Amino acid sequence: MVNSVIEEQESLNLFSSTQKVIQIALKKLGYSNEMYELLKAPLRILTVRIPIRMDDGSIRIFTGYRSQHNDAVGPTKGGVRFHPEVNEEEVKALSIWMSLKCGITNLPYGGGKGGIICNPREMSFRELENLSRGYVRAISQIVGPTKDIPAPDVYTNSQIMAWMMDEYSQIREFDSPGFITGKPIVLGGSQGRETATARGVTICIGEAVKKKGIDLKGARVVIQGFGNAGSYLAKFMHDAGARVVGVSDVYGGIYDPNGLDINNLLDRRDSFGTFSQQFQHTITNEELLELDCDILVPAAISNQITAKNAHKIKAKIIVEAANGPTTIEATNILTEQGTLLIPDILASSGGVTVSYFEWVQNNQGYYWSEEEVEQKLAKVMIDSFDNIYETAHSHKVDMRLAAYMVGIKRMAEASHYRGWV
């Protein structure tokens, strides 16, 4: 009993649990322990302190990070999040996950990730701009179109990317749209980038219901989180004929077995994706996860499904749109229950895929239509899903371990050919 508690606590640490799965994946693939020692942690991580003059005239020092996991395949790539709970361990784990996502989708990148410890809800527009520009000045020596390409993440958006691109262009003294992705269309952004993560999740859901023999039309869907990914996903599911019966934000959720009015919710949510405080009758996020449904999509934060509540999950399919919402122990329990779990590094890889498309378009100076972007995204996601599904069956492992095996293999091969291991 004590050992199981210790294991569960360890799995709640995103970095150590990621390392554990990487070690198993590399062993399954026949790689040496030296390869694990290389890939178990980022090649470099930069910690910066950013002084910002606040609107009241005071100076506040913010701490930020940029982690670059491995650049054997190509430049690193990954988002920048603004959140009060950002920490070094999380950023390191997320950069590894970005490497895995790029390996799964066969992109010429390694993984990167960044973050700043702040609460954007309590900051003005001007303060956010100064912080965004200060962060770029602090990390400018290690990023760039051929080094490390940032993108939006939690509580960052196209406006913040625009400020960052402008600051980088001023530092380098030339226009450099390929330095960052997720930009406004007018500044070199790609069609379809804003909805890319949700589109990728939608495609994975479409493939998963085929495997389970479920008709998406009329299927009951529950979505935890109503930010960028969750809100667009709710819209896509509603438009596809599914019944979105439950959604939540950070404060709580709402439930209707007959299906929610998604268009009304989209109109009522604020810029941070919150809406529940406008409703008198709500349920907790814990209750939302345990609702009777066909498809559950955790699209909020990490460690939501654990050994404590995995037995209570009734969904036939879980598709992870958030980063690390399910612990290792919970994954094992759900797999034993017959639940088809589509891991985050596959399901949420639509964002980095369309970011890659944006980078390619910036480098070419030639831009694609939204229809072209969606067609290319669908091919990448379906091919990646099929590859991981077949790997899971051929190696008799769960979908998460299969995704790690597919994701880590390309990076391991590149590192080997470079003579690093």
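The values are calculated or read from the model by the stated rules, or taken from the named source; none is laboratory data. What you see is a predicted model; the values in this text were computed from it and never measured. Cβ sites come from the backbone with ideal geometry, for glycine too, and all protein chains shown count toward neighbours.
Quick look at the numbers
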item: Of residues in segment 258-281 being surrounded by 18 or more Cβ atoms within 10 Å (Cβ to Cβ) and within 16 Å of Ala300 (Cα to Cα), the one modelled with the lowest pLDDT; result: Gly273
item: Answer residue from segment 171-207, given it is in a helix (DSSP H, G or I) and charged (D, E, K, R) and is nearest to the chain's Cα centre (by Cα) among those; result: Arg199
item: Unmet requirement for Asp71, which otherwise passes all of (1) over 20 Å from the mean Cα position of the chain (by Cα); (2) over 18 Å from Thr156 (Cα atoms); result: (1)
item: Close pairs (7 angstrom Cβ cut-off, 6 or more residues apart or separate chains): at positive phi in segment 138-160, buried (at least 20 other Cβ atoms within 10 Å of the Cβ) anywhere; result: Gly144/Phe179; Tyr155/Arg81; Tyr155/Phe82; Tyr155/Pro120
item: In segment 231-241, the residues that are surrounded by 21 or more Cβ atoms within 10 Å (Cβ to Cβ) and either over 24 Å from Gln304 (Cα atoms) or in contact with a Gly (Cβ under 7 Å, 6 or more places away or on another chain) (or both); result: Ser231
item: Lys210 vs. criteria surrounded by fewer than 17 Cβ atoms within 10 Å (Cβ to Cβ), assigned to a loop (DSSP other than H, G, I, E, B) and of a type in the set (Lys, Arg); result: no
item: Which numbered condition Tyr36 fails, given (1) of a type in the set (Phe, Trp, Tyr); (2) surrounded by fewer than 24 Cβ atoms within 10 Å (Cβ to Cβ); (3) under 17 Å from the mean Cα position of the chain (by Cα); result: (3)
item: Cβ pairs under 9 Å, 6+ apart, first in segment 392-413 and without any contact (Cβ under 8 Å) to a residue 40 or more places away in the chain, second buried (at least 24 other Cβ atoms within 10 Å of the Cβ) and not in a helix (DSSP H, G or I); result: Ala402/Pro343
item: Test for Gln224: is it in contact with a helix residue (DSSP H, G or I) (Cβ under 9 Å, 6 or more places away or on another chain) and surrounded by fewer than 24 Cβ atoms within 10 Å (Cβ to Cβ); result: no
item: Residue list for segment 228-265, restricted to those being touching a Ser or Thr at 6+ places or on another chain (Cβ under 9 Å), part of a loop (DSSP other than H, G, I, E, B) and either without any contact (Cβ under 8 Å) to a residue 24 or more places away in the chain or of a type in the set (Gly, Ala, Ser) (or both); result: Ala240
item: Failed criterion for Lys101 (all others in (1) basic (Lys, Arg); (2) free of Cβ contacts under 8 Å to residues at least 40 places away in the same chain; (3) within 27 Å of Gly227 (Cα to Cα) hold); result: (2)
item: Pair list, Cβ under 7 Å, 6 or more apart: segment 78-91 residue touching a residue at least 60 places away in the same chain (Cβ under 8 Å) and closer than 18 Å to Phe179 by Cβ, other residue in a helix (DSSP H, G or I) and of a type in the set (S, T, N, Q); result: Gly78/Ser95
item: Within segment 160-193, considering residues that are surrounded by fewer than 21 Cβ atoms within 10 Å (Cβ to Cβ), at pLDDT 95 or above and among the hydrophobic types (A, V, I, L, M, F, W, C), the one farthest from Ser369 (Cα to Cα); result: Ile171
item: Asp215 being outside the structural domain of Ser95 (by TED's automatic domain parsing) and without any contact (Cβ under 8 Å) to a residue 60 or more places away in the chain; result: yes
item: Filter result for the condition that a residue is surrounded by fewer than 23 Cβ atoms within 10 Å (Cβ to Cβ), among the polar types (S, T, N, Q), closer than 29 Å to Ser58 by Cα and modelled with pLDDT under 95, over Asn130, Asn157; result: Asn157
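To keep it simple, each residue is scored yes or no on (1) within 20 Å of the chain's Cα centre (by Cα); (2) among the polar types (S, T, N, Q); (3) under 18 Å from Asn303 (Cβ atoms).
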position: Leu334; (1), (2), (3): no, no, yes
position: Ser349; (1), (2), (3): yes, yes, no
position: Ser369; (1), (2), (3): no, yes, no
position: Glu374; (1), (2), (3): yes, no, no
position: Val397; (1), (2), (3): no, no, no
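Rundown of residues vs (1) at pLDDT 95 or above; (2) in the same structural domain as Glu286 (by TED's automatic domain parsing); (3) in a loop (DSSP other than H, G, I, E, B); (4) more than 24 Å from Gly230 (Cβ to Cβ), yes/no style:
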site: Asn323; (1), (2), (3), (4): no, yes, yes, no
site: Ser355; (1), (2), (3), (4): yes, no, no, no
site: Lys379; (1), (2), (3), (4): yes, no, no, yes
site: Tyr389; (1), (2), (3), (4): yes, no, no, yes
site: His393; (1), (2), (3), (4): yes, no, no, yes
site: Lys409; (1), (2), (3), (4): yes, no, no, yes
site: Val421; (1), (2), (3), (4): no, no, yes, yes
